[in-house]
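Step one of this worksheet: look at the structure below.
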Amino acid sequence: MAPAKTALITGITGQDGSYLAELLLEEGYQVVGMVRRSSTLNFERIAHIQDHVTLVAGDLLDEVSMIGILREHKPCEVYNLAAQSFVQTSWSQPVFTGESTALGVTRMLDAIRIADPEIRFYQASSSEMFGKVVEVPQAESTPFYPRSPYGVAKVYGHWITVNYRESYGMHASSGILFNHESPRRGLEFVTRKISHMVARIACGLEKKLPLGNLDARRDWGFAPDYVRAMWLMVQQDEPDNYVVATGETHSVGEFCQLAFSHAGLDYQDYVEIDQRFIRPAEVDLLVGDASKAERVLGWKPEVSFEQLVALMVDADMELVKSQL
């Protein structure tokens, strides 16, 4: 029997990292997860698989640590999901966002080039790169116009991946992922904030949900569907860039309405507009054209928007009730 393939995931403790680790374990991989020794780590998302993965200390700000990990564990695939990934935080921490989300990609690519240029690399690009959109829907060829330090940093990470692919012949692919959510989404993200607060309000623990722009529209998918697309990209003979999206757009208000009604409530009784949550520069209409991913990878989202909202509310109801 052939030895198991090894994959390295940066950001394994995040939403996408945890679902990707599950997928790779199911596919028979040995999974190595890179975690920062300095960060106050939350292993909650990977607690159920922690015995099946190898966690190693490393940092996107330290190229030497990554070269050491690559030489020791010899992965054949690297998935770079680590970043300062919250748009709102990128306004208050723009330099750190650039260091981790932009230059961190260069350090990882360069570590691969030095340790083993045959390693296949996946870069987590983002629909936030399109920002002030110049066309609807957005495809791989749509010009970028980022509207936040996070979006700008992701554009750098995206183009440096293309540069290493073309300059060194590396198998480096970029997934331009539109918003994707799940019960494992961080509470700082609007979808999870809504589902969690719906559960708390339904249980009588809160009275109001403060939100920013209810008219902001996003293309929202289910995270496990999206990590499957990442894996499929890395399995292709040729590296490339792919938009991963549902092709549907829904407003924050619509998410609220569905989430509250799933709990038998009317969102208009509970949602309040709070100016603190309005972004300095709002992204208007992000909606992806994933026809290339469907054509080349055979990928399609399997969970609908309505199903996504329902399963997030159900999971948070269970969580909140368990804490009572």
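The values are calculated or read from the model by the stated rules, or taken from the named source; none is laboratory data. It should be emphasised that the depicted structure is a prediction, and the values quoted were computed from it without experimental measurement. Cβ placement follows ideal geometry from the backbone for every residue including glycine, while neighbour counts extend to all protein chains displayed. Ligands, DNA and RNA are stripped out before the accessible areas are found, and what is left, the full protein with its side chains, is counted by its heavy atoms. Shrake-Rupley method; radii C 1.70, N 1.55, O 1.52, S 1.80 Å.
Counting every Cα pair in the stretch 89-197, what percent are over 17 Å apart?
Beyond 17 Å sits 60 percent of the P(r) for the stretch 89-197.
What is the total of Lys pairs in the chain with C-alpha atoms under 23 Å apart, excluding same-chain pairs fewer than 8 positions apart?
10
Per-residue accessible area for D51 at 1.4 Å probe radius, Å² rounded to 10?
Result for D51: roughly 150 Å² accessible.
Can you give me the Cα centroid spacing of the stretch 81-103 and the stretch 239-298 in angstrom?
When both Cα centres are located, 21 Å separates them.
With every protein chain left in place, what is the accessible area per residue of the stretch 117-228 in square angstrom, probe 1.4 Å?
Averaged over the residues of the stretch 117-228, the accessible area is 36 Å².
Just reorder F96, F130 by solvent-accessible area, largest first, 1.4 Å probe, all chains present.
F96, F130
Between rounded, prolate and oblate, where does the stretch 234-297 land on the alpha carbon gyration tensor, with a ≥ b ≥ c its root eigenvalues, rounded for a/c under 1.5, else prolate if a/b exceeds b/c?
In terms of gyration-tensor shape, prolate.
Within the stretch 207-324, what whole-number % of the accessible surface is contributed by carbon and sulfur, with the 1.4 Å probe and all protein chains included in the calculation?
Using a 1.4 Å probe with all protein chains present, the stretch 207-324 comes out at 47 percent carbon and sulfur.
Please report the projected area of the chain's Cα convex hull averaged over all directions, in nm².
Values: hull surface 65.4 nm².
If I average the Cα hull's projected area over directions, I get 16.4 nm².
Quick check on the stretch 181-257: what does the Kirkwood estimate of hydrodynamic radius come out to from the alpha carbon pairs, in Å?
Taking the inverse mean of 1/r over all distinct Cα pairs, the stretch 181-257 comes out at 14.6 Å.
Measuring from label point to label point, each 7 Å out along Cα→Cβ, what is the E166 to W91 span in nm?
3.4
Restricting attention to the alpha-carbon atoms of the stretch 109-257, what are Rg (one decimal) and Dmax (integer), both in Å?
17.9, 58
What value, in deg cm²/dmol to 500, does the helix sum -39500 (n - 2.57) over DSSP H runs of n ≥ 4 give at 222 nm once divided by the residues of the chain? All intermediate terms of the calculation are to be shown ahead of the outcome.
Numbers: 10 runs with 121 residues, N = 324.
Rounded to the nearest 500, it is -11500 deg cm²/dmol.
Name the residue farthest towards the positive end of the dipole of the stretch 123-228 from the options I194, F144, Q123, assuming +1 on Cβ of Lys and Arg, -1 on Cβ of Asp and Glu, about the Cα centre.
Looking along the dipole axis, the top candidate is I194.
Helix 104-115 sits at what angle to the longest principal axis of the chain, using alpha carbons and giving 0 to 90 degrees rounded to 10?
For helix 104-115, the angle is close to 20 degrees.
Could you give the angle, 0 to 90 degrees to the nearest 10, between helix 305-323's Cα long axis and the longest principal axis of the Cα atoms of the chain?
So the inclination is approximately 80 degrees.
Compute for the stretch 1-160: radius of gyration divided by Kirkwood radius, i.e. Rg/Rh, restricted to C-alpha atoms, rounded to two decimals.
Looking at the stretch 1-160, the ratio lands at 0.98.
Taking every pair of alpha-carbon atoms in the stretch 120-164, what share in percent sits in each 10 Å bin, from 0 to the bin with the longest distance?
29, 55, 15, 1
Ignoring ligands, DNA and RNA, what percent of the accessible area of the stretch 58-152 is carbon or sulfur (1.4 Å)?
Exposed carbon and sulfur together represent 55 percent of the surface.
Using a 1.4 Å probe on the protein heavy atoms only, what accessible surface does E44 show? Give it in Å² to the nearest 10.
140
With every protein chain left in place, what is the accessible area per residue of the stretch 263-324 in square angstrom, probe 1.4 Å?
59
Between the stretch 113-157 and the stretch 177-207, how many Å separate their Cα centres?
Between the Cα centres of the stretch 113-157 and the stretch 177-207 lies a distance of 26 Å.
If packing is taken as the average number of other Cβ atoms within 10 Å across a peptide's residues, how do 294-307, 107-120 rank, most packed first?
107-120, 294-307
Working from Cα positions, state the angle (0 to 90°, nearest 10) between the long axis of helix 63-73 and the longest principal axis of the chain.
70
Let me make sure I get this right: for the stretch 1-87, a, b and c are the square roots of the gyration tensor eigenvalues over alpha carbons, sorted descending. Under 1.5 in a/c it's rounded, otherwise prolate if a/b > b/c, else oblate. Which is it?
Oblate shape, in that a/c is at least 1.5 and b/c is the bigger or equal ratio.
For a test of the definition: using alpha carbon positions, the gyration tensor, and the 1.5 limit on a/c, classify the stretch 183-324 as rounded, prolate or oblate.
prolate
Anyone know which of R36, R45, R276 comes out most mobile in the 10 Å Cα GNM of the chain?
Between R36, R45, R276, it is R276 that shows the largest mean-square fluctuation.
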